[in-house]
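Taking it in order: structure first as structure tokens, then the write-up.
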Amino acid sequence: MPDDRSHLVVVSNRLPVDRTVGPDGEPTWSQSPGGLVTALEPVMRSAGGAWVGWGGQPDLGLEPFEHDGIRIIPIDLSESDIERYYEGFSNDTLWPLYHDVIAPPSYHRLWWDSYLSVNRRFADAAIAAAAPDATVWVQDYQLQLVPRMLREARPDLTIGFFNHIPFPAYGIYSQLPWRTQIIEGLLGADVIGFQRVADAGNFTRAVRRLLPYSTKGSIVNVPDGDGARQVLAKAFPISIDTAGFEELAQRPEVRARAEQIRHDLGNPRKIMLGVDRLDYTKGIRHRVKAFGELLADGRIEVGDVALVQVASPSRERVETYRQLRDEVELTVGRINGDYGTISHQPISYLHHGFPREEMAALYLAADVMLVTALRDGMNLVAKEYVAARSGDLDGVLVLSEFAGAADELRTAVLINPHDIAGLKDAIRGALDMPREERRRRMRAMRKRVRENDVEHWSATFLDALRRVRRGDDLSALS
Ligand code: G6P
């Protein structure tokens with residue numbers, strides 16, 4: 001029997017492919033948009049890589065299959081797994097906790113039990129898929145117990161973990177009833193990647209508070225048999241497919257579409273844009289409030305400035321997300337009712353996702369991009385906007401200092417979204433910013449997203465894992 005096990009296995013909650021059922025009832029799979037799969041695709045192809053993940057719907061009962069040179073290993077989730085592991089523990093416990101308790105996290109033992117058993121299912125699939133001495137790269141907060149499960153079963157593996165969301169300060173993290181189990185789960189990895197230096201620091205501090213392990217810089221010394229194993233916990237800020245986005249934004253049909261958008265909005269002098277999953281971490285309410293007040297104060301005229309807010313549906317069965325949708329839609333409706341005219345609506349609110357081409361056209365049309373997250377691991381929209389504006393070096397990025405991207409995009413207009421007065425002044429300043437200053441700021445940001453694209457990110461992370469496999473002293477990387 002041929003050994004079809006892989007030397008590189010990626011494990012993430014969602015598969016990198018989306019399933020759609022055609023009119024003939026036949027399912028087809030297409031690559032989902034997103035940087036991770038774009039970056040990993042070439043490496044996965046050449047390594048004969050496998051990807052373990054969930055197909056996005058309950059009880060699909062699928063066998064592994066091949067898609068574009070990648071072996072896809074689907075994990076089954078039942079309705080109850082989705083409720084307890086995905087909507088519950090992942091998105092109503094960990095998500096709010098890790099985003100600085102913007103919404104109150106719920107702690108339920110049944111949800112934890114489900115998190116544990118689903119993590120076990122993902123780990124078992126990865127164990128079966130991995131060739132001897134393979135590298136396994138686990139992604140994100142839904143799967144924090146997987147690294148340790150892998151190590152216990154397969155000490156031959158080299159194991160990476162990347163946390164796409166923030167890691168909170170210990171004073172917040174310590175609320176979690178299962179705080180030690182999660183840290184132990186993560187420490188099963190050889191390399192633990194975070195978005196920001198601050199996240200890595202929060203993690204090593206939590207290790208010191210909860211376990212008798214010593215740390216030095218980014219290295220955690222974890223007891224292993226008679227000796228100790230070095231675990232590297234360090235920032236690897238994720239990025240986007242910069243060249244792909246630049247190319248997309250230069251296509252004539254995308255540029256034409258941007259013109260059309262401006263025309264359809266009634267040719268306002270300035271267009272402002274927000275693009276987010278409809279999530280309470282994104283600060284959509286703060287942004288809309290600031291915009292409404294600017295209209296009320298007469299500092300913005302309807303027809304002169306238009307705000308387009310794309311809010312793509314997300315986690316719609318979780319109560320906090322339902323409430324947020326009601327609140328945002330109430331506020332948007334009020335502002336449009338109070339300040340709209342027959343010909344102009346102040347806010348064009350769109351509750352759906354769009355293909356990449358349409359996003360690129362929106363970025364090109366937007367004079368001011370508003371990223372006002374209250375807390376965000378990175379925020380790739382900010383980077384996409386910069387990449388899309390590489391051609392004309394125009395546009396102003398208003399960026400929350402609470403988004404990971406603010407560590408890199410230092411010449412954005414940095415704001416504190418909780419300070420509504422400051423946010424209003426920053427928005428007015430962005431609308432009035434002279435062309436020369438816009439160019440100068442955008443040029444510096446473009447340099448950064450070109451240097452650190454998602455390909456660079458994954459290569460750097462995989463290189464750290466390679467060094468572990470070779471037995472290098474990790475202190476050099478710390
Ligand atoms: C964030 C998380 C991802 C997640 C995505 C969409 O970016 O870091 O892990 O996949 O949100 O959320 P969803 O719950 O729809 O997968």
note = Here the residues within region 116-130 that are touching a residue at least 60 places away in the same chain (Cβ under 8 Å) and within 15 Å of the ligand (Cβ to nearest atom) are Asn119, Phe122
ask   = Considering region 13-40 alone, what residues qualify as being away from the ligand (no atom under 11 Å from the Cβ), closer than 25 Å to Asn379 by Cβ and not in a loop (DSSP other than H, G, I, E, B)?
value = Val17, Asp18, Gln31, Val37, Thr38, Ala39, Leu40
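Given the structure, is Ile72 more than 24 Å from the chain's Cα centre (by Cα), at pLDDT 95 or above and of a type in the set (Val, Ile, Thr)?
So Ile72 does not fit the description; no.
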query = How many residues are surrounded by fewer than 18 Cβ atoms within 10 Å (Cβ to Cβ), more than 16 Å from the ligand (Cβ to nearest atom) and of a type outside the set (Val, Ile, Thr) if we restrict to region 304-342?
reply = 12
inquiry  = So if I check each of Val305, Val332, Val288, Val275, which one is within 30 Å of Arg84 (Cα to Cα) and either among the β-branched types (Val, Ile, Thr) or in contact (Cβ under 8 Å) with a residue 40 or more places away in the chain (or both)?
reply    = Val275
key: Matching residues in region 64-81 - criterion: being surrounded by 20 or more Cβ atoms within 10 Å (Cβ to Cβ) and assigned to a helix (DSSP H, G or I)   = Asp81
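Which one is nearest to the chain's Cα centre (by Cα), of the residues in region 148-168 that are under 17 Å from Val52 (Cβ atoms) and within 16 Å of the ligand (Cβ to nearest atom)?
So the first thing to find is which residues in region 148-168 are under 17 Å from Val52 (Cβ atoms), and the list is 148-151, 153-154, 157-162, 164.
Filter once more, so that each one left must be within 16 Å of the ligand (Cβ to nearest atom): 160-162, 164.
Details: Gly160: 18, Phe161: 15, Phe162: 11, His164: 6 Å.
Top of the filtered list is His164.
Just to be sure, is Arg441 exposed (fewer than 15 other Cβ atoms within 10 Å of the Cβ), over 26 Å from Val191 (Cβ atoms) and touching a residue at least 24 places away in the same chain (Cβ under 8 Å)?
Here the answer is no, as Arg441 does not meet what is asked.
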key: Subset of region 296-338 (residues that are under 25 Å from the mean Cα position of the chain (by Cα) and not in a helix (DSSP H, G or I))   = Leu307, Val308, Gln309, Val310, Ala311, Ser312, Pro313, Ser314, Arg315, Glu316, Arg317, Val318
ask   = Name the helices (runs of 4 or more DSSP H) wholly within region 389-476 that hold at least 1 residues that are under 24 Å from Arg285 (Cα atoms)?
value = 420-432
task = Filter region 92-116 down to residues that are of a type in the set (D, E, K, R) and part of a helix (DSSP H, G or I) and give me whichever is farthest from Thr180 (Cα to Cα).
result = Asp92
query = For region 278-295, which residues satisfy the criterion of being part of a helix (DSSP H, G or I), of a type outside the set (A, V, I, L, M, F, W, C) and buried (at least 24 other Cβ atoms within 10 Å of the Cβ)?
reply = Thr281, Lys282, Arg287
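The values are calculated or read from the model by the stated rules, or taken from the named source; none is laboratory data. Every value quoted in this text rests on a predicted model; they were computed, and no experiment measured them. Note that each Cβ is placed from the backbone with ideal geometry, even for glycine, and that neighbours are counted across all protein chains shown.
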